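Peer 1: Quick one: structure below, then a few questions.
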Ligand SMILES: CC(C)(COP(=O)(O)OP(=O)(O)OC[C@H]1O[C@@H](n2cnc3c(N)ncnc32)[C@H](O)[C@@H]1OP(=O)(O)O)[C@@H](O)C(=O)NCCC(=O)NCCS
């Protein structure tokens with residue numbers, strides 16, 4: 001067994017890597033979410049302002065047995081490396097994932113990182129258990145957090161209306177308008193601080209206008225699209241809430257609900273649904289159908305799960321986040 005390092009610049013090597021990674025997701029998940037091949041290749045082809053991604057493969061001759069995807073955070077969580085392991089079903093229980101983890105740990109130590117973290121996507125919706133959780137527990141990881149995966153088949157009919165007095169709805173697509181950029185960065189930072197993360201080691205990201213523009217440019221380069229709806233408090237001109245949903249034409253049937261956030265001083269006014277409904281409407285009228293919209297929320301984030309259930313989402317899996325200190 002040989003270890004190979006993968007990045008997005010070697011297209012053929014990346015293709016073999018991605019086949020294993022996505023093949024396993026397809027095998028394990030009713031809804032195999034994740035980046036499409038080209039989207040992922042572009043992501044892995046260069047360093048970004050906030051993250052550098054890197055791949056590892058365990059290869060025997062021309063056969064790829066298993067892969068690891070490593071995210072090296074460059075802002076926030078700079079002590080952590082995120083590792084996603086995937087082993088082709090026919091090569092499991094032979095130590096392939098253990099070998100990949102060993103190499104990841106070595107690289108993490110060399111880079112001065114203190115924590116290896118990983119997410120098991122394919123947990124049972126109720127118990128959260130699966131092969132990934134058994135592996136994590138066997139290799140010294142501790143469970144730190146869980147999120148419920150909910151899906152909704154689009155189009156959703158009968159979306160609940162919620163106009164909130166004193167707020168105005170504004171929408172944009174790939175780029176935040178200059179006039180909202182500064183406040184939008186503030187809300188993204190608030191989201192990063194406030195989103196429930198259980199016991200995970202999580203250093204909030206302080207978003208700046210430059211980081212927002214970098215993330216937007218990356219998304220466009222990856223071929224992604226995004227719909228943003230915000231609520232503006234008319235009296236103060238304050239950006240009070242936002243929500244984002246999007247996807248990529250590479251996988252048109254798969255759409256994601258990204259963040260939804262209400263500024264602390266504006267909570268309790270129903271702004272969650274007030275921004276989600278018009279965003280869903282814009283998304284539904286702009287994309288091909290049928291499509292499935294995905295979202296993940298911590299069980300302790302009951303208000304958000306309740307909003308989603310009201311909109312028509314149902315639970316399909318539980319993902320759990322694990323950490324091992326080095
Ligand atoms: C989880 C996964 C990566 C494990 O790969 P693997 O190459 O089979 O793992 P290893 O052979 O190195 O297993 C090491 C130990 O983990 C535990 N383990 C691994 N899979 C297990 C399973 N299905 N049930 C119970 N224990 C398991 C065992 O203790 C095993 O040691 P043993 O075989 O000597 O008993 C693989 O099952 C997989 O790709 N699953 C789907 C994707 C996933 O869940 N990824 C994890 C998210 S990061």
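The values are calculated or read from the model by the stated rules, or taken from the named source; none is laboratory data. Note that the structure is a prediction, hence the values are computed from the model and not measured. Backbone-built Cβ (ideal geometry, glycine too); neighbour counts: all protein chains shown.
Peer 1: If you scan the stretch 67-91, which residues turn out to be assigned to a helix (DSSP H, G or I) and within 9 Å of the ligand (Cβ to nearest atom)?
Peer 2: 89, 91
Peer 1: Next question, about the same structure. Take residues that are within 16 Å of the ligand (Cβ to nearest atom) and tell me which of the strands (runs of 3 or more DSSP E) falling wholly in the stretch 211-326 contain 3 or more.
Peer 2: The qualifying strands (runs of 3 or more DSSP E) are 314-325.
Peer 1: Here's something else I'd like to know. Picking from 54, 47, which residue would you name as being in the same structural domain as residue 8 (by TED's automatic domain parsing), surrounded by fewer than 17 Cβ atoms within 10 Å (Cβ to Cβ), over 30 Å from residue 306 (Cβ atoms) and away from the ligand (no atom under 14 Å from the Cβ)?
Peer 2: After ruling out the rest, the residue left standing is 47.
Peer 1: Mind checking which residues of the stretch 281-296 are surrounded by 14 or more Cβ atoms within 10 Å (Cβ to Cβ) and more than 24 Å from residue 137 (Cβ to Cβ)?
Peer 2: Result: 281, 282, 283, 284, 287, 291, 292, 293, 294, 295.
Peer 1: Something else about it: Given the conditions (1) within 12 Å of the ligand (Cβ to nearest atom); (2) closer than 19 Å to residue 26 by Cα, report the number of the one that residue 64 does not fulfil.
Peer 2: (1)
Peer 1: Out of all the residues in the stretch 104-117, is one or more under 20 Å from residue 33 (Cβ atoms) and touching a strand residue (DSSP E or B) at 6+ places or on another chain (Cβ under 8 Å)?
Peer 2: yes
Peer 1: If you check every pair at least six apart or on different chains, which have Cβ atoms under 7 Å apart with a residue in the stretch 128-146 that is without any contact (Cβ under 8 Å) to a residue 12 or more places away in the chain first and a residue that is more than 7 Å from the ligand (Cβ to nearest atom) second?
Peer 2: That search, which allows pairs on different chains as well, returns 129/123.
Peer 1: Filtering the stretch 92-134 down to residues that are in a loop (DSSP other than H, G, I, E, B), closer than 30 Å to residue 31 by Cα and under 22 Å from the mean Cα position of the chain (by Cα), which residue is nearest to the ligand (Cβ to nearest atom)?
Peer 2: Ranking the candidates gives 130 first.
Peer 1: Please verify whether the stretch 160-169 includes one or more residues that are more than 23 Å from residue 246 (Cβ to Cβ), free of Cβ contacts under 8 Å to residues at least 24 places away in the same chain and within 16 Å of the ligand (Cβ to nearest atom).
Peer 2: No, every residue in the stretch 160-169 fails to be more than 23 Å from residue 246 (Cβ to Cβ), free of Cβ contacts under 8 Å to residues at least 24 places away in the same chain and within 16 Å of the ligand (Cβ to nearest atom).
Peer 1: So which of 235, 241, 317, 274 is at negative phi and surrounded by fewer than 18 Cβ atoms within 10 Å (Cβ to Cβ)?
Peer 2: Being at negative phi and surrounded by fewer than 18 Cβ atoms within 10 Å (Cβ to Cβ) holds for just one of 235, 241, 317, 274, which is 235.
For every residue, the table says whether it meets (1) closer than 25 Å to residue 295 by Cβ; (2) buried (at least 22 other Cβ atoms within 10 Å of the Cβ).
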residue: 67; (1), (2): no, yes
residue: 72; (1), (2): no, no
residue: 78; (1), (2): no, no
residue: 100; (1), (2): no, yes
residue: 169; (1), (2): yes, no
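Peer 1: I've got another one for you. In the stretch 27-50, what residues are modelled with pLDDT of 90 or more and in a helix (DSSP H, G or I)?
Peer 2: 27, 37, 38, 39, 40, 41, 42, 43, 44, 45
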